[in-house]
Amino acid sequence: MKDIIYDVAIIGSGASGGAVAYQLCKAGYKVVILEKGQLIQRDEFSKDELAYCRRDIVTPNLFDEFHTIEEKIDGKWIETPTYQSGWSFWNGNIVGGSSNFMSGMFHRMHPDDFRLKTIYGKIDGANVEDWVINYNDLEPYYRLAEDLVGISGYSKKHKYEAPRSRLKFFQPPTEENNIVNLFDKCCNKLNITPLVTARAVLSKNIGKRDACYYSNFCGSYGCSSGAKGSSREAFISPALATGNLTLLSNSHVTHLDSSEKIIKQANIINNITNQKLKIYAKFFVVASQAHESVRLLLNSANKFHPNGLSNSSGELGKNLIFSAGGAGGGTFYKDDMSKIDFNNLMDRGLFINRSILDWYIKDDWWKPKEKGGLVEFMFEHQNNISRAVNSRYKDNRLLWGEELAKKLKDKFTKTKTLRFEIFNDWLPTDDCFISIDKKRKDKYGMPVGKLRINAHPKDLEIAYNISKKVKIILKEMGAKDIYSSISAVPPQNLIAGGCRFGDNPKTSVIDKNCKSHDIKNLFIADASFMPTGGSTPYSWTIYANALRVGEEVVKVLQKKL
Amino acid sequence: MNRRFFISFSTYTFIGASNLLYSNNIIFNKFQFRKDIYNIIESVQKHFFPQDSQLPFASEFSSIEFLVSTIYHKRFDKDIRNFVISGAKDFISQENGQFINYNREDKEIALRKFENSSRGSKWLSRIMILSMEALLSDPIYGGNFRKSGWIALDTKGGNPKPKSRYINL
C-alpha cells in the first residue's frame, strides 16, 4: 500500500466524491476513495426502521464522534455537544454517503441564484456574493447528472423553471398517487401552477439498475432495486467497473500532511482494525460534506498553514448555509372526505411528485424584485414506529390502554397526512460558520467540528409568507388540522458553504474550478464551495458541480502527466 | 437542546431506604437486569397494552424481552439505558415496591401520579417508545410476534425485510 501513488485520492464517497471518481476513472486515471463508513451493497439494504431510522447504525456513535453546536439562547451563544443533545449532524456514513438515503426530490437552481447580489442587491446582515460561474456554465452538468443519476420527471414550461437544453427528462415520472388529481385541480382553481417534481428515482429499468418498485419506504432507506440515484449506484459502481477505482471503506482520514504548496499524503485510520495508513496521491479531492471537509482542513494545520489548509484568506469555515425553509401539513380524515375517495390516498408507495415554483421570485412592479422559494409536497413518512410514537400524547398527557389503541387505529387506518416542505435561501451570515472545538476531541483524538448556527430574519419571513399560501391549497383540498412550522433550526442533511469559491484568493478558499488558491494539488468538490444555495434542495447542484470539478481535475492531470 | 439534562434531572430524592428495598432482589438474567426492575417495567407495559385492547397484549409481542435486549445492545444509547433503569427504581420507590400487586385502577392512579413529575413523565414516555418499537419493528427483533402489531393497525413493513438484526453489525 505504501508504495502506491494514486493519481487522485478522494476523501468521501457521497454525491460529490462519487461523481468526481466517476469522471476520473472513466478518463483512465487511478483513483482511491477513502470512505469512513462501511460498504453496504444494494441487496443488503432492507426496510428496517429500527436499524436505519432509530439507531445510529449508519452514522457514528455520538459518544465516539460528535459535533459541538452553538446556538443563541436568550442572547448568549450556548455550546452543546451532540452527544448531549442527540442532535446528530452525521448523514449516512456508508459508501455512497447520505445520497443512499435521500428521497430524491431534485431541482436545478434558477439562473438568478448565481447572481443573487447583482440582481437582488445587498441584504443587511447577510454576506451574499454572486457565484463566479453562471447557470449556463453549469447547465451541461445538470443535464449530464440527469442522465447518469437517472432523474425522472416531466418538464412543463414555467417562468421560474431553470432553462433546460433538452426539454424531455431522461425518464418519465414515477407513478403517482391519485391525490395529485385533486392537488392539480385545487391549484388550478387558485391560479397556482402545479409542477411535476423531478426525482432521482428510475421509473424504468436501465442497465443493471431496476425501476422503482414503490416500497412505500424510500427516504431514509437504501434502495434495493438500484432505482434511487445514489452516488453508490450512479457513480461508484460504474467507476469500480473500469478497474481504475480502489475503494477503501472504514477508512477515516484524520489529517492531511502538506508542504507549503503540495499535499503529500492522507493519514487514515481503519475504524475496525485501528490500523493507521498513509495514502499517497498526486491530487487530493476533499468531499466529506461541507462541515467535515472544513474540519479536516482546519485540523490539518501545520507550520506552512498555521490556520488550516487553504485558509490564507481566513474564509475557511465561514458562511455556512443549509437547504431549509419550513415545513407543514394537513390531514385528510376518512370520515370527512368529499373531494376524493379515501381509499385512493391509502395506495401504498406511490409518489406525489408535486412542487410549486410560483413564489420562487417575488416580482411585483411596484417594488424591487425579491427572492422567494419553492414548495415540495409529500405524504407523511410511512415509518410505523415513528407514526405511533408521534401519536402517543393527547393534551400533553401520555396515552395508553384503549385510548391509545383507538388513537393509533384511527391514525393508521382513517387518516392520511399531506406534508409540505419549503425551500428558500439560507442567507450566509457572520453568525453561521464552522470552526474546530479546541476543548473537545473525538475517539481518534482529533478536535471535533463546531457549528455556530443562526438564520437571517429574512429567511424566516420568506418561509412564513410562503407557508400562508400553501395552507390555502391544503384548505381547498379539504385537509384539516393544517399547520406549519417555520424556525431557524436547520436540517442536518443538506449543508453547504464554508469553502466559498471565488476569483479573489483574499476573499475565497477555492477558485472557480474548486481548486485551492493555496495548495496546488487540492480540490474541494462537495457543497462547501457554494456562496449561496438557491431556494432548492442542493442535491442536483452538488452532483452537477462535482461532475464539473471531476472534468477539471482530468484536464489538470492531462496537462501534468 | 440538551436532551441528557432532562434525562438526568430528578425531581425525586431517594436515600438509603430505596437501597434496602432492592437488597433482597436477585440479579436477573444475563444482562444483570434486576428482577424487581424487570417486573415493574413489564407490569407498566401490560398496563399500557392490556389484554382487552384493540392492540396486542404486551406479552403477546414480547415487549419486556424486546426492551431488555434492545437497551443492552451496543448501539443503544447508554444514557437512555441508565435512565430506563434508574427511572424504574424511582417508580418502585414511589410505590414502595407494590405497584405490580395493584389492581388496574390503582395502577392507573400510580402511573398518573408518576407522570406528574418531569422525570416520571419522561420515563413513562421512554417505556412507551420502547414498547411501540417492540409492537411495530420487524419481527426479527423479537417483538411484533407474527406481525400482530402491523396487523392490528392494518399496516405493513417495507420490503425487503431485514435478514438480521441491526444489519448484522
- request: Need at least 2 residues that are within 14 Å of chain A (Cβ to nearest Cβ) and within 12 Å of the chain's Cα centre (by Cα) per element, so show me which helices (runs of 4 or more DSSP H) inside region B:68-145 make the cut, counting only ones lying wholly within it.
  value: B:78-94, B:118-136
- prompt: If you go through region B:44-67 one residue at a time, how many are in a helix (DSSP H, G or I) and open to solvent by 10 Å² or more (accessible area, probe 1.4 Å)?
  reply: 5
- prompt: Out of curiosity, is A:Val196 among the aliphatic types (A, V, I, L, M) and over 28 Å from A:Leu24 (Cα atoms)?
  reply: yes
message: Of all residues being part of a helix (DSSP H, G or I) and of a type in the set (S, T, N, Q) in region B:146-169, which is farthest from A:Lys407 (Cα to Cα)? Just the residue, please.
response: B:Asn168
message: Regarding region A:429-439, can at least one residue be identified that is free of Cβ contacts under 8 Å to residues at least 40 places away in the same chain, assigned to a helix (DSSP H, G or I) and away from every other protein chain (no Cβ under 14 Å)?
response: no
Number of the condition not met by A:Asn181 [criteria: (1) touching a residue at least 60 places away in the same chain (Cβ under 8 Å); (2) open to solvent by less than 10 Å² (accessible area, probe 1.4 Å)]: (2)
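Can you spot a residue in region A:219-228 that is small (Gly, Ala, Ser), on the phi > 0 side of the Ramachandran plot and touching a Phe, Trp or Tyr at 6+ places or on another chain (Cβ under 6 Å)?
Among the residues of region A:219-228, at least one is small (Gly, Ala, Ser), on the phi > 0 side of the Ramachandran plot and touching a Phe, Trp or Tyr at 6+ places or on another chain (Cβ under 6 Å), which makes the answer yes.
Rundown of residues vs (1) over 28 Å from A:Arg295 (Cα atoms); (2) open to solvent by 30 Å² or more (accessible area, probe 1.4 Å); (3) within 14 Å of chain B (Cβ to nearest Cβ), yes/no style:
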residue: A:Trp90; (1), (2), (3): no, no, yes
residue: A:Pro111; (1), (2), (3): yes, yes, no
residue: A:Arg115; (1), (2), (3): yes, yes, no
residue: A:Val128; (1), (2), (3): no, no, no
residue: A:Asn134; (1), (2), (3): yes, yes, no
residue: A:Asp137; (1), (2), (3): yes, yes, no
residue: A:Tyr142; (1), (2), (3): yes, no, no
residue: A:Ile151; (1), (2), (3): yes, no, no
residue: A:Lys157; (1), (2), (3): yes, yes, no
- line: Of the residues in region A:337-384, those that are more than 25 Å from the chain's Cα centre (by Cα) and either assigned to a helix (DSSP H, G or I) or within 14 Å of chain B (Cβ to nearest Cβ) (or both) number 7
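Looking at A:Pro428, A:Pro457, can you tell me which residue is surrounded by fewer than 17 Cβ atoms within 10 Å (Cβ to Cβ) and within 30 Å of A:Ile361 (Cβ to Cβ)?
When all the criteria are applied, what remains is A:Pro457.
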message: Among the residues of region A:486-496, are any within 27 Å of A:His255 (Cβ to Cβ) and either of a type in the set (Ser, Thr, Tyr) or modelled with pLDDT of 95 or more (or both)?
response: yes
field: Set A:Lys416, A:Lys411: member being of a type in the set (D, E, K, R), within 14 Å of chain B (Cβ to nearest Cβ) and open to solvent by less than 30 Å² (accessible area, probe 1.4 Å)
entry: A:Lys416
task: Kindly provide the set of residues from region A:47-62 that are in contact with a helix residue (DSSP H, G or I) (Cβ under 8 Å, 6 or more places away or on another chain) and either among the basic types (Lys, Arg) or facing chain B (nearest Cβ under 7 Å) (or both), ordered by number.
output: A:Asp48, A:Glu49, A:Leu50, A:Ala51, A:Arg54, A:Arg55, A:Ile57
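The values are calculated or read from the model by the stated rules, or taken from the named source; none is laboratory data. Treat the numbers as computed from the prediction; the structure is a model and nothing was measured. Methodologically, a virtual Cβ is constructed for each residue, glycine included, from the backbone with ideal geometry; neighbour enumeration extends over all protein chains shown. Heavy atoms of the whole protein, side chains included, go into the accessibility calculation; ligands, DNA and RNA do not. Shrake-Rupley method; radii C 1.70, N 1.55, O 1.52, S 1.80 Å.
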